[in-house]
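Inspection log for the structure reproduced underneath, given as structure tokens.
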Amino acid sequence: MNYIYGALLLHSAGKPIDEASLKKIIDSTGEATNDAQIKALVAALDGVNIEEAIAKAAMPVAVAAPAGEAKAEKKEEKKEDTAKKAEEAAAGLGALFG
């Protein structure tokens, strides 16, 4: 993952993403470099529009319902539940005396 972060850092700085630059970034973190992984990442990113890839990968943000609507719905549900319970209680009492 650090290799990808290094490539993104190079991209954001406007530097070319090549093996030497990426190796310098990874070495500066103190992590041991793997030349095969660096070579594979550079080859995989060749010809890729990174800005476009980031835009496509971005997760859409879910929009929450306004709080006022949710509260109104809950109040309606409570009123319906209370009315239903009152009817059931009245029916139960009616059966006792009926």
So, in nm, how far is label E19 from label K85 when the simple model puts each one 7 Å beyond its Cα toward the Cβ?
7.3
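Net charge near L10, counting Lys/Arg +1 and Asp/Glu -1 over other residues with Cβ under 13 Å of its Cβ?
Working: positive: K15, K23, K24; negative: D18, E19.
In short, +1.
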Would you mind calculating the gained length between I54 and S28 on full extension (0.36 nm times residue separation, minus the Cα-Cα distance), in nm to one decimal?
6.9 nm
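If Lys and Arg each add +1 and Asp and Glu each add -1, what is the summed charge of the other residues whose beta carbon sits under 12 Å from the beta carbon of D81?
On the way: positive: K74, K75, K78, K79, K84, K85; negative: E76, E77, E80, E87, E88.
Result for the local shell: +1.
Throughout, read-outs are computed from the coordinates displayed, never taken from laboratory work. Computed from a predicted model, the values in this text were never measured in an experiment. Positions of Cβ are backbone-derived with ideal geometry, glycine not excepted, and every protein chain shown enters the neighbour counts.
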